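The values are calculated or read from the model by the stated rules, or taken from the named source; none is laboratory data. Just so we're clear, the structure is a prediction, and the values are computed from it rather than from any experiment. Note that we place each Cβ from the backbone using ideal geometry, even for glycine, and neighbour counts take in every protein chain shown.
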Amino acid sequence: MIFKDRFKDKVMILTGAARGIGRATALRAAQEGAVMVLADRLQDQGEETLKMIKDAGGDGIFLPLDLSIEENAETLVRKAVEAYGRIDIAINNAGVMGKPNPVHLLPKEDMDYTFANNFYTVFFCCKYELRQFMEQGNSGIIVNNASIAGMTGLEGNPAYNASKHAVNGLTKNLALDYQRYGIRVNSVNPSGTKTPMVDEAYAYVKGKIDAAVAAGVDPKEIANMGGRKRMPIIDRQAEPEEQAAAILFLASDDASYMTGATLQTDGGWTSF
């Protein structure tokens, strides 16, 4: 259900906007009146998201930025303010699955890459978003995209698991530190969703399993690569639009009494 004008004239930053959950969130927010400041390092797909918004009568800009670089997070907020005078809502959605490997096989550079793109992107964006909200002096809303991997274990991908726990820990701490300024900070925690990133992750794991079988690896090791839990109680993957609905609930005044929440949008995954 689209709520007409729920975000009318609100300036909304959205990272990871090129595809998947980010694109679905951008399109719905624009339909509900938000002015969108989109960012992603996938330039062609990000510009396509912006075109879809404008073709539907919405407004916004797209910035091709790698937000694992701190200066780019500062640029994102500065460009938003230059274009529209302020920001009202920030949705920090950019992230990666990384390369699944158990710790004894995990190169430090793979851990660094996953943390750079899952945790430091959120940390850097929050840093400059919070500064802008405080300067404006009229509150603000932040929604960080974590994962069910930030609520529980995720077999075979400790780098992703640790990075998403870090996002949830940061979210709770920011809620504590910035409520005095009227700033709300929450996170969403999706399970598997029909997105290109998830498809790519499954393909990567399947390739590793196939290679392990061919190399005669112990079947127990192969099972660990795939993970034991396959589906949530709702026996399917989520649609990107379902995740967008939860994100935009937290970004709306309907969630005015929520801060520091880690909302599980997981079809019941973490209930068993």
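Identify the residue in segment 1-39 that is of a type in the set (S, T, N, Q) and crowded, with 24+ Cβ neighbours inside 10 Å and, among all such residues, is nearest to the chain's Cα centre (by Cα). Lay out the reasoning, then the answer.
First, the residues of segment 1-39 that are of a type in the set (S, T, N, Q): 15, 25, 31.
Remaining after also requiring crowded, with 24+ Cβ neighbours inside 10 Å: 15, 25.
Working: Thr15: 8, Thr25: 10 Å.
Filtering segment 1-39 for residues that are of a type in the set (S, T, N, Q) and crowded, with 24+ Cβ neighbours inside 10 Å, the one nearest to the chain's Cα centre (by Cα) comes out as Thr15.
In contact with a Leu (Cβ under 8 Å, 6 or more places away or on another chain) and of a type in the set (A, V, I, L, M, F, W, C): does that describe Ile53? Steps first, please.
On the way: in contact with a Leu (Cβ under 8 Å, 6 or more places away or on another chain): yes; of a type in the set (A, V, I, L, M, F, W, C): yes.
It is true that Ile53 is in contact with a Leu (Cβ under 8 Å, 6 or more places away or on another chain) and of a type in the set (A, V, I, L, M, F, W, C).
Let's see how each residue does on (1) under 21 Å from Asn161 (Cβ atoms); (2) touching a Pro at 6+ places or on another chain (Cβ under 6 Å); (3) at pLDDT 95 or above:
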position: Ala244; (1), (2), (3): no, no, yes
position: Ser256; (1), (2), (3): no, no, yes
position: Ala261; (1), (2), (3): yes, no, yes
position: Thr265; (1), (2), (3): yes, yes, yes
position: Trp269; (1), (2), (3): yes, yes, no
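Within segment 97-118, take every residue that is at pLDDT below 95, surrounded by 19 or more Cβ atoms within 10 Å (Cβ to Cβ) and not small (Gly, Ala, Ser) and give me the one that is nearest to Ile142 (Cα to Cα).
Ranking the qualifying residues of segment 97-118, first place goes to Met97.
What are the pairs, 6+ residues apart or on separate chains, where a residue within segment 109-126 that is within 14 Å of Ala146 (Cα to Cα) has its Cβ under 9 Å from a residue that is acidic (Asp, Glu) and part of a helix (DSSP H, G or I)?
Filtered contacts from segment 109-126: Tyr120/Glu70; Phe123/Glu70.
Going through Gly169, Gly156 one at a time, which residue ends up being among the small types (Gly, Ala, Ser), surrounded by fewer than 23 Cβ atoms within 10 Å (Cβ to Cβ) and not in a loop (DSSP other than H, G, I, E, B)?
Working: Gly156 fails: not in a loop (DSSP other than H, G, I, E, B).
The match here is Gly169.
Taking into account only those residues within segment 53-76 that are part of a loop (DSSP other than H, G, I, E, B) and of a type in the set (Gly, Ala, Ser), which is surrounded by the fewest Cβ atoms within 10 Å (Cβ to Cβ)?
In the first step, residues of segment 53-76 are kept if they are part of a loop (DSSP other than H, G, I, E, B); the result is 56-58, 65-69.
Adding the requirement that they be of a type in the set (Gly, Ala, Ser) leaves 56-58, 68.
Numbers: Ala56: 10, Gly57: 8, Gly58: 19, Ser68: 21.
Only one residue tops the list, namely Gly57.
Any residue that is buried (at least 16 other Cβ atoms within 10 Å of the Cβ), hydroxyl-bearing (Ser, Thr, Tyr) and either without any contact (Cβ under 8 Å) to a residue 40 or more places away in the chain or not in a helix (DSSP H, G or I) (or both) - is there at least one of those in segment 77-96?
Checked against the condition, which is being buried (at least 16 other Cβ atoms within 10 Å of the Cβ), hydroxyl-bearing (Ser, Thr, Tyr) and either without any contact (Cβ under 8 Å) to a residue 40 or more places away in the chain or not in a helix (DSSP H, G or I) (or both), segment 77-96 yields no hits at all.
Return the residues of segment 1-52 that are assigned to a helix (DSSP H, G or I) and either on the phi > 0 side of the Ramachandran plot or aliphatic (A, V, I, L, M) (or both); say none if nothing qualifies.
Residues of segment 1-52 assigned to a helix (DSSP H, G or I): 20-31, 43-52.
Passing the criteria: Gly20, Ile21, Ala24, Ala26, Leu27, Ala29, Ala30, Leu50, Met52.
Here are some residues: Ala30, Ala26, Ala18. Which one is more than 20 Å from Arg86 (Cα to Cα) and free of Cβ contacts under 8 Å to residues at least 40 places away in the same chain? Talk me through it step by step, then tell me what you get.
Details: Ala30 fails: more than 20 Å from Arg86 (Cα to Cα); Ala26 fails: more than 20 Å from Arg86 (Cα to Cα).
So the residue among Ala30, Ala26, Ala18 that is more than 20 Å from Arg86 (Cα to Cα) and free of Cβ contacts under 8 Å to residues at least 40 places away in the same chain is Ala18.
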